[in-house]
Amino acid sequence: MYNNIILSSCLFGSFYLFSTSLMLSNSTLCENKKIPSELFIINGLTMLVSGSIILYNFSLFNSFHFKS
């Protein structure tokens, strides 16, 4: 039971980080704002890491579901 609570909170945090990074990337690209390349790289890495955590959590949820 505690694993499900930890996994769901981690999944919520990953969705939040991914969506926030995506919104910031879209707003800067649509408005043609100049941002430093380091900030764009950090934003992309945040999206990559949070997206991989989302995929990993979905695989763990599926493995718990089929075990019980």
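The numbers here are math on the coordinates, done by the rules we state, and not lab data. Predicted, not measured: the structure shown is a model, and the values here were computed from it. Note: ideal-geometry Cβ built from the backbone for every residue, glycine included; neighbour counts use all protein chains shown.
General observations
- Within the range 15-57, the set of residues being more than 30 Å from ASN4 (Cβ to Cβ) and surrounded by 14 or more Cβ atoms within 10 Å (Cβ to Cβ) comprises LEU24, SER25, THR28, PHE40, ASN43.
- For the range 2-14, taking the residues that are among the aliphatic types (A, V, I, L, M) and either surrounded by 15 or more Cβ atoms within 10 Å (Cβ to Cβ) or under 10 Å from THR46 (Cβ atoms) (or both), the one that is nearest to the chain's Cα centre (by Cα) is identified as LEU11.
- Residues in the range 8-40 that are in contact with a Ser or Thr (Cβ under 6 Å, 6 or more places away or on another chain) and not in a loop (DSSP other than H, G, I, E, B): SER14, LEU17, PHE18, SER21.
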